[in-house]
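For reference, the structure is listed below as structure tokens.
The values are calculated or read from the model by the stated rules, or taken from the named source; none is laboratory data. Computed from a prediction, not measured in an experiment: that's the story for all the values here. Here the Cβ positions follow ideal geometry from the backbone for every residue, glycine too, while neighbour counts run over all protein chains shown.
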Amino acid sequence: MKKSSKEATFSFRKMKFGLASVAVLTSFLVTTNTLAETPVTTEESSSTQSTEIAPMTSVTSSEAQEPTTAESPIAEATKDIEAASKQPVVEEGKAQAGDIIAVESNISEVTSEAHQEGNKTITYETSTAQVKTTSIAEKNASVGKQEAVIAEKETSYVTETAEATTTVNEKVVKTVNVEVVKEQDIVKTEENSTNADVVFIIDHSGSMSNEIAAVKNNITDFVNGLGQQSVRTRLGLIDYEDSEHVNYADFNGSKFTTDPAAFIKAIDNIRLDGGTEEPTVPLTYITTDRYDWSTEAGTRRFAVLITDEGIDLHTAAAPSIESTINALKSKNISVTVIEDMYYKDEFSKMIAETNGLAVDIESDFAKTLSNDISNWVVKTVYEGKLLKVVTEDYQFYVTTTVETKKAPEMIYSAVNKPTTPKPAVYKADSVKKTSVKATALPETGSKSNDYLSVYGLVSLAIVSALAFYKKKED
């Protein structure tokens, strides 16, 4: 049971670095905006109105809201990562199929990069995360890697102020890989057991006539040498042909003896007869309760089968090879076969599955048996478990674009106000001329009198005009 040291909660604030920066900037701009002035729409001034500067008023900005937790792909992925990292695990030795035995999570630092494009500031932020969950797979699960599943989620939102337009894009790419792996087999070895029960099962069919003498001599040598070994051994003896002709030696009510002389005497009493070899009969018999194996702790069980033939299954009473192997394994009996190597394939599975040995019947097997039993290595193989490993890889992307706007221009509005009139200019010919008709006077003067009369009239007109203008001013 283990959890990674990097199992710390994935912080959404990390990936919100860019967003937080934008929020600070936006807040600053909005605050500034309340202190500034912005132009208002004006109407065109008429020819009778003057134009003056009107005071500016603030304009409320229309701002888009940031996505809610349900809408934000980064927030959603963050929850998934936190939930996966907190899954309960079960101790591997007690775990059953489907139980989680390990959760590992790794989160990278946020990397940030920014550049300028005209009036735009673009910031790129990225980060990665991985969650690996290991559980016990079903026994029938197929070992191998499944096709990866890739999912993408993306969202964008815009924040608008008088000074800038901010666009934020969030994207999450999630890749899920599922693989079933098999743990390495565990091999446990046990050596030099202090006690051993060894039963010899000897083929007494007629074909053994050429080997029986050597077999007896080798077994005798083996037995006589047991005193020099550190292993305390009990000996058992069986000779067989078919299912109806099997002899089980009895030593004072037991199937085993520690007396070498009694055992050698039983060997010498074996007589050859018959032509059928059904070794599965005695091999199955020794797995029953009728055969009194030692139950003392640390005692190993060995069966030594000696034959020059293969395995016959001619009679109905002969057990199958498969059932015999299963019975031997259930009683932890290791089978060594001293055989004619021509038939080795018939016994190979039995030898392999019971952790036995294959020995050539033509060899000096007494020494081989002595060495192997006194230094017997028993290997117990614990098959590796099937594990289901689910790896979830996340890639986070945040792109923030801040586009500044031009400063607002001052716009003039028309305000109605009386216009100061320009001074009127009057021309001389605008004054109505008065014609004076000459009366009949005595011609007592000269022509200069006529000029004086005209001058007088003109002077009068000018004075009248000036008087009229003055009155107009008042």
Show the residue pairs that are 6+ apart or on different chains and have beta-carbon atoms under 7 Å apart, the first residue being within the stretch 127-155 and free of Cβ contacts under 8 Å to residues at least 40 places away in the same chain, the second being among the polar types (S, T, N, Q) and surrounded by 11 or more Cβ atoms within 10 Å (Cβ to Cβ).
Lys145/Asn177; Ala148/Thr175; Ala148/Asn177; Ile150/Thr175
Subset tally (residues that are under 54 Å from the mean Cα position of the chain (by Cα) and modelled with pLDDT under 90) for the stretch 360-387
15
Please go through (1) under 17 Å from Glu346 (Cα atoms); (2) touching an Asp or Glu at 6+ places or on another chain (Cβ under 8 Å); (3) among the hydrophobic types (A, V, I, L, M, F, W, C) for Phe302 and return the number of the only condition it doesn't satisfy.
(1)
Residue among Gly206, Gly253 that alone is out of contact with any helix residue (DSSP H, G or I) (no Cβ under 9 Å at 6 or more places or on another chain), surrounded by fewer than 20 Cβ atoms within 10 Å (Cβ to Cβ) and at positive phi
Gly253
Exclusive hit being assigned to a strand (DSSP E or B), more than 26 Å from Glu82 (Cβ to Cβ) and touching a residue at least 24 places away in the same chain (Cβ under 8 Å), set Val180, Val173
Val180
Exception for Ile136 within (1) more than 23 Å from Val89 (Cα to Cα); (2) crowded, with 18+ Cβ neighbours inside 10 Å falls at (1)
May I ask you to list pairs of residues, at least six apart or on different chains, whose Cβ atoms are under 7 Å apart, with the first in the stretch 70-93 being of a type in the set (A, V, I, L, M) and the second being surrounded by fewer than 16 Cβ atoms within 10 Å (Cβ to Cβ)?
Ala75/Thr69; Val89/Met1; Val90/Asp99
Entirely in the stretch 80-144, the strands (runs of 3 or more DSSP E) that have 2 or more residues that are assigned by TED's automatic domain parsing to the domain that holds Gln395 and farther than 23 Å from Val181 by Cα:
111-117, 120-136
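This table checks each residue for (1) surrounded by 20 or more Cβ atoms within 10 Å (Cβ to Cβ); (2) modelled with pLDDT of 95 or more; (3) in a strand (DSSP E or B).
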{"position": "Asp239", "(1), (2), (3)": "yes, yes, yes"}
{"position": "Ala261", "(1), (2), (3)": "no, no, no"}
{"position": "Ile264", "(1), (2), (3)": "no, no, no"}
{"position": "Ile267", "(1), (2), (3)": "yes, no, no"}
{"position": "Asp273", "(1), (2), (3)": "no, no, no"}
{"position": "Glu278", "(1), (2), (3)": "yes, no, no"}
{"position": "Thr288", "(1), (2), (3)": "no, yes, no"}
{"position": "Ser294", "(1), (2), (3)": "no, no, no"}
{"position": "Phe302", "(1), (2), (3)": "yes, no, yes"}
Which ones in the stretch 317-356 are among the charged types (D, E, K, R) and over 25 Å from Thr295 (Cβ atoms)?
Glu322, Glu339, Asp340, Lys344, Asp345, Glu346, Lys349
